[in-house]
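Each value in this text was obtained by applying a stated rule to the coordinates, not by laboratory testing. Please read these numbers as outputs of a predicted model, since none were measured by experiment.
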Amino acid sequence: MESLEQIDSLYNTTISKLPKKERVEYCENLIDNAQLNLVRNKKHINKELENQLYNLILSAQAELNKLRNQ
């Protein structure tokens, strides 16, 4: 699995330099929005995009766990 910094350029260039609280909020919002997109648009999303969203969710969850354990 790729890290969030590898697949999210905004997180890599900007968010990762912010204080921990803001990084946690970003990850939580990213997970919520990706899950919402999957639910709302399930019948319109092709398999490739669906996999990208799942990978984004998993990477954001891993980053969130890492931040919470610091």
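For this structure, a couple of remarks:
- Rh (Kirkwood; distinct C-alpha pairs) - region 1-63, Å: 12.0
- Couplings for region 56-70, taken from phi via the Karplus curve 6.51 cos²θ - 1.76 cosθ + 1.60 with θ = phi - 60°, read 5, 4, 4, 5, 5, 5, 5, 5, 4, 4, 4, 5, 5, 8, 7 Hz in order; Gly and Pro are left as x.
- Cα long-axis angle, helix 20-40 against the chain (0 to 90 degrees, to the nearest 10): 0
- Interchain or long-range residues, amide H under 5 Å from residue 18's placed H: none
- For the chain: lysine pairs under 29 Å (alpha-carbon distance), excluding those fewer than 8 apart on one chain: 4
- Structure remark: mean-square fluctuation, Gaussian network model of the chain, C-alpha springs under 10 Å; the largest value among 57, 15, 45 belongs to 45.
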